[in-house]
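Heads up, the thing below is written out as structure tokens.
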Amino acid sequence: MENIINQQIRLFCDETDGIAALANISACIKQNYDRLNWAGFYIVRQHELVLGPFQGKVACVHIPFGKGVCGKCYTDQEAQRISDVLAFPGHIACDSESRSELCVPIIVNDQVVGEIDLDSPEPSRFTAEMENEMLEASKDIASSILKYHWKF
Ligand code: SME
């Protein structure tokens, strides 16, 4: 049987308003995974990533492509599971408590259109299982972007 978090996220994806859906999904992730200090979204604009709905402390609004964990997730079009952010060259520290990070791309028609980003104050917090759960969530979000024509 599928895990609870992906079941819940799928329910929140069945929503006509994209901003509302991402707001609830960020809250859902923060509530379901313990030992997180930040859970939210970055949205791809023309030349950069811009902060989307999130749960946690205030965060940087603009991230250039290629910079930090989120920027690398964009350019590589691949999940970044970083066990020690202090050892990651160019890591952008929005919250100085963060020690590990998981960033997963949301891909629509072969283009990264956004990212799910999770931070933890604990080193090596993120497992391969969590990465798979967030990849599953990103696919559901991508499907809803197409189905409901979500605009951000
Ligand atoms: N740490 C990220 C920046 C976003 S915050 O973690 C919310 C990065 O290095 O891109």
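We did not get these values from a lab; they are worked out from the coordinates using the rules stated. Everything quoted here is computed from the prediction, not taken from an experiment. Counting neighbours? That spans all protein chains shown, and the Cβs are built from the backbone with ideal geometry, glycine included.
Relative contact order of the stretch 1-50, taken over Cα pairs closer than 8 Å and 6 or more residues apart, is 26 percent. Across the stretch 86-148, Cα pairs under 8 Å and at least six residues apart give a relative contact order of 34 percent.
For E122, the amide hydrogen comes within under 5 Å of the amide hydrogens of R99, S100, counting only partners 5 or more places away or on other chains and with H modelled in the peptide plane. A simple charge model with +1 on the Cβ of Lys and Arg, -1 on the Cβ of Asp and Glu and nothing else charged puts the dipole of the stretch 79-152 at about 300 debye relative to its Cα centre. Rounded, prolate or oblate, given the Cα gyration tensor of the stretch 87-152, with a/c below 1.5 counting as rounded? Judged from the Cα gyration tensor, the stretch 87-152 comes out prolate (a/c at least 1.5, a/b above b/c). Each Cα pair under 8 Å and six or more residues apart adds its sequence gap; the mean of these over the residue count of the stretch 33-83 is a relative contact order of 23 percent. Legend note: in the chain, cysteines whose Cβ sits 4.7 Å or more from every other cysteine Cβ are C13, C28, C60, C70, C94. Local charge for R35 was computed over the other residues whose Cβ lies under 14 Å away, with Lys and Arg +1 and Asp and Glu -1, and equals -3.
Cα centroids of the stretch 10-34 and the stretch 85-124: 18 Å apart.
Amide H contacts of W38: D119, each under 5 Å away and 5 or more positions distant or on a separate chain (H built 1.01 Å from N in the peptide plane; Pro and chain starts excluded). Working note: Karplus 6.51/-1.76/1.60 with θ = phi - 60° gives the stretch 9-20 the couplings 4, 4, 5, 5, 6, 8, 8, 7, 9, x, 4, 4 Hz, where Gly and Pro are set to x.
Residue by residue, the stretch 35-42 carries 3J(HN,Hα) couplings of 6, 10, 10, 7, 8, x, 10, 10 Hz when phi is fed to the Karplus relation 6.51 cos²θ - 1.76 cosθ + 1.60 (θ = phi - 60°); x denotes Gly or Pro.
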